[in-house]
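The next block holds one structure in the form of structure tokens; read it before the comments.
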Amino acid sequence: MINLFKNLRSQRKEQQSFTFSRPLVLLHSDDWGRVGVRDREGFELLRSQGIRLGERPYDLYTLETADDVAAVAGLLQRHHDASGRSPCLMMNACAANLDFRKMREGGFQRVVLKALVKGLPGAWSRPGLFDAYKAGIKAGVLQPALHGLTHFSEVAVLKALAEKSERAELLLKLWEAETPYIFWRMPWVGYEFWDPEEPKENFLAGKRQRELIIQGCQLLSVLFGTKPVSACAPGYRANADTHRAWAEVGIRVAVNGTRDGIRAPHMDEFGLLHVYRNVDLEPSQHDSEVEKYVELAAMCFARGLPLIISMHSINFHSTLKDFRSPSLAVLDQLLSALEAKYPDLIYANDGDLYRMVTKGQLADGSEKVKVSITQQPWNARPAQMGSA
């Protein structure tokens, strides 16, 4: 494996980026399988503990239901591109949640995880959820991807517990109600590979990252029956150690956020194809003006860049508040507008994009869709999105 990476570095002293002759649209969504506020009973229990919920949308983040997943899949199946393919949502999932029962038995003194493949933790219940995931995958409109083993930094949480301060008190209240955390209220929980308050090095050591990535990939592979080919680090907090470990376990696409600017996909020294989201479609958080997204799509397509839409899972939740209905309406409107304006539009997923740049085809054995690809030295600076 070491020799492989040496060879890749020698072959890619000058990293290459890629542009495409046809408009490509990809859909990304994070936080699938990650539990939040359990249900109405859990919501009321937290309120009884003095936690004022409802100030921000993520106070109402719960977990998708089977109906939520089926509704997303149904909408995607009603849309088609120039080749007749439906859009495919990259479903970035967390492979485990806190095991509240075991933690309660131990007095909440340590972090214990329960793999998603073994079910939901504690009193959490979402009948038919896993079957709904698999139905969407079988239909080709959902594609599982690696988000993380967990979303938070275990190191940061354990430090908070050890301090026995207000932070520990808040954690214990949440855990008693079987809620792991509410991030906007406690950003000090960090992200899986990144502790925001570590004074020396915010990122976990490469060896530990590799252990977490291997475990997360294995668990998701068992749960979904397919190995993830792309990964998006929680909070987009990833470094070279993360990228190296992803490549070692067979991840082929590394997903970056909109904060990195408008950039072309490019291949790094580990053989990972880096893609950059360029639309945050979050109806649960703010009003979504479809016309502006269509304008942005035009700018991307004029430069040969794929339009990569990010839409977090909260937008499809309905347990505590119906985020799902307005979010699906906005997504439906946007996809319809793009299909009408671009009759040669192609819907792709991360694996498709990787096959395009490495094998020159949209999907294995597919000859229906022709896309010309231009390769050039990668410019690390984001593109200027003024007039085309």
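Laboratory data are not the source of any read-out in this text; all were calculated from the coordinates shown. Just so it is clear, the structure is predicted and the values come from calculations on it, not from any experiment. Neighbour counts run over all protein chains shown; Cβ positions are idealised from the backbone, glycine included.
Figures for the structure shown
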quantity: Complete set of residues in the range 218-251 that are not β-branched (Val, Ile, Thr) and not in a helix (DSSP H, G or I); calculated: 225, 227, 228, 230, 231, 232, 233, 237, 238, 239, 250
quantity: Residue match in the range 267-281 (condition: without any contact (Cβ under 8 Å) to a residue 40 or more places away in the chain, surrounded by fewer than 20 Cβ atoms within 10 Å (Cβ to Cβ), at negative phi and assigned to a helix (DSSP H, G or I)); calculated: no
quantity: Every residue from the range 178-205 that is within 26 Å of residue 240 (Cβ to Cβ) and among the aliphatic types (A, V, I, L, M); calculated: 189, 204, 205
quantity: Yes/no for residue 209 being surrounded by 16 or more Cβ atoms within 10 Å (Cβ to Cβ), assigned to a helix (DSSP H, G or I) and in contact with a Ser or Thr (Cβ under 8 Å, 6 or more places away or on another chain); calculated: yes
quantity: Checklist (1) touching a strand residue (DSSP E or B) at 6+ places or on another chain (Cβ under 8 Å); (2) in a helix (DSSP H, G or I); (3) surrounded by 22 or more Cβ atoms within 10 Å (Cβ to Cβ) applied to residue 137, failing item; calculated: (3)
quantity: Residue 309 vs. criteria closer than 30 Å to residue 127 by Cα and either out of contact with any Lys or Arg (no Cβ under 8 Å at 6 or more places or on another chain) or assigned to a loop (DSSP other than H, G, I, E, B) (or both); calculated: no
quantity: Which listed residue, of 68, 99, is charged (D, E, K, R) and within 19 Å of the chain's Cα centre (by Cα); calculated: 68
quantity: Residue that is surrounded by the fewest Cβ atoms within 10 Å (Cβ to Cβ) [pool: residues in the range 102-132 that are of a type in the set (A, V, I, L, M), touching a Lys or Arg at 6+ places or on another chain (Cβ under 9 Å) and part of a loop (DSSP other than H, G, I, E, B)]; calculated: 123
quantity: Residue count, the range 102-126 (criterion: within 18 Å of residue 172 (Cβ to Cβ), touching a helix residue (DSSP H, G or I) at 6+ places or on another chain (Cβ under 9 Å) and not hydrophobic (A, V, I, L, M, F, W, C)); calculated: 5
quantity: Some residue of the range 145-152 being in contact (Cβ under 8 Å) with a residue 40 or more places away in the chain and farther than 21 Å from residue 28 by Cβ; calculated: no
quantity: The range 143-185: number of residues that are touching a helix residue (DSSP H, G or I) at 6+ places or on another chain (Cβ under 7 Å), more than 19 Å from residue 233 (Cα to Cα) and either part of a loop (DSSP other than H, G, I, E, B) or of a type in the set (Asp, Glu) (or both); calculated: 3
quantity: Residue identified as under 28 Å from residue 228 (Cβ atoms), of a type in the set (Asp, Glu), surrounded by 16 or more Cβ atoms within 10 Å (Cβ to Cβ) and out of contact with any Asp or Glu (no Cβ under 9 Å at 6 or more places or on another chain) among 99, 59, 39; calculated: 99
quantity: Count of residues meeting criterion [under 13 Å from residue 140 (Cα atoms) and not in a strand (DSSP E or B)] in the range 71-98; calculated: 14
quantity: Filtered residues of the range 178-205 (kept if in contact with a Lys or Arg (Cβ under 7 Å, 6 or more places away or on another chain) and either surrounded by 20 or more Cβ atoms within 10 Å (Cβ to Cβ) or over 19 Å from residue 34 (Cβ atoms) (or both)); calculated: 178, 179, 191, 193, 194
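So that you can scan it fast, the table gives a plain yes or no per residue for (1) more than 24 Å from the chain's Cα centre (by Cα); (2) within 13 Å of residue 23 (Cα to Cα); (3) surrounded by 14 or more Cβ atoms within 10 Å (Cβ to Cβ); (4) of a type outside the set (A, V, I, L, M, F, W, C):
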site	(1), (2), (3), (4)
285	no, no, yes, yes
301	no, yes, yes, no
305	no, yes, yes, no
308	no, yes, yes, no
313	no, no, yes, yes
323	no, no, yes, no
346	no, yes, yes, no
350	no, no, yes, yes
356	no, no, yes, no
